[in-house]
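Comments concern the structure below.
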Amino acid sequence: MHFRNHLYVWDDRFIYVTPGMVSEITQRHTVTLLIALDEPGFVLGDTHGQQQRYQAALIARHRARSLDASQTRLLSINFDPQSYEHHALSHFLGEHQVRAVILQPGAIDATVMQRLGCGQLDSAALFRLTTTLPRAISGYRPVTINLDMRAMHVAQKVKKELPLTSSVAELASDVGLSADRLSHLFSAKLGIPIKSYILWSRMRRAVQLIAQGEALSAVAYDAGFSDSAHLTRTIKQFFGLTPSFIIKNMQVHML
């Protein structure tokens, strides 16, 4: 089987693997681990036109960057604010927005990577990749994370109740807080404004529906966008991909 574009999505993380891609400036709320599976690696650019080549790199949340991985197969592991890895890797990054990383010898198994790109790994093996590869980063150490169950409950509800949506005030009432207090707590504990998190959750659902063959107009309505053009612009901003690319060239797996 051939190495293809695959997107594997869980509640709190996703893997994107591709035989090669180029994207313009994108910005998302995940902490991202990018790993080139071939030489000569990939090139990241910033909004000022500065570029640097990497074999593996860790990218902070909210970091705007372009990507040129046209000469390598690429593994991209993205961690949502709900995940432990998001916060532990943010701690590892410190003040860095992009950090070159070195993986321990043997962390990348060529056979496993080939099976990943061919869609042949089961969900258990896929999820294990998302936990073992961060631990294989040289210098990385697990840290203690002080999460708040009220913020976690709201984050789960936002995702699980889609396409239904609740106002911030309604979400706050669920956990006995005012809207302002919840907004402060959510940003402090998960590192992302609650309204931005709601948008991110809607984007994930939109990609799922597009991959299932739903019409763009129906997806836009379901995900709360004004029209399909608005949806297309937002998907490209977040993922560097167009809906037509997702439909024609990608296999999406909701896990």
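The values are calculated or read from the model by the stated rules, or taken from the named source; none is laboratory data. All figures in this text were calculated on a predicted structure; none of them were measured in a lab. Note: ideal-geometry Cβ built from the backbone for every residue, glycine included; neighbour counts use all protein chains shown. Quick note on the areas: whole protein, heavy atoms, side chains included, nothing else; ligands and nucleic acids left out. Shrake-Rupley method; radii C 1.70, N 1.55, O 1.52, S 1.80 Å.
List of remarks:
- Residue ID - modelled with the lowest pLDDT, chosen from residues in the stretch 27-50 that are of a type in the set (S, T, N, Q) and either surrounded by fewer than 18 Cβ atoms within 10 Å (Cβ to Cβ) or farther than 23 Å from residue 198 by Cα (or both): 27
- Check on residue 172, open to solvent by less than 50 Å² (accessible area, probe 1.4 Å) and on the phi < 0 side of the Ramachandran plot: yes
- All of 181, 150 fail the test of being surrounded by 15 or more Cβ atoms within 10 Å (Cβ to Cβ) and farther than 30 Å from residue 69 by Cβ, apart from 150.
- Residue 141 meets the conditions (1) of a type in the set (D, E, K, R); (2) modelled with pLDDT of 90 or more; (3) open to solvent by less than 80 Å² (accessible area, probe 1.4 Å) in every case but one. The failed one is (3).
- Every residue from the stretch 108-138 that is outside any helix (DSSP H, G or I), open to solvent by less than 30 Å² (accessible area, probe 1.4 Å) and either closer than 22 Å to residue 254 by Cβ or in contact (Cβ under 8 Å) with a residue 60 or more places away in the chain (or both): 118, 121, 137
- Restricting the first member to the stretch 212-224 and to residues that are within 12 Å of residue 243 (Cα to Cα), and the second to residues that are open to solvent by 40 Å² or more (accessible area, probe 1.4 Å) and assigned to a loop (DSSP other than H, G, I, E, B), the beta-carbon pairs closer than 6 Å and six or more apart or on different chains are 220/227.
- In the stretch 205-247, of all residues being among the charged types (D, E, K, R) and under 24 Å from residue 62 (Cα atoms), the one that is least open to solvent (accessible area, probe 1.4 Å) corresponds to 205.
- The number of residues in the stretch 43-72 that are more than 18 Å from the chain's Cα centre (by Cα) and closer than 21 Å to residue 116 by Cα comes to 4.
- Restricting the stretch 51-67 to residues that are open to solvent by 60 Å² or more (accessible area, probe 1.4 Å) and assigned to a strand (DSSP E or B), the residue that is farthest from residue 92 (Cα to Cα): 51
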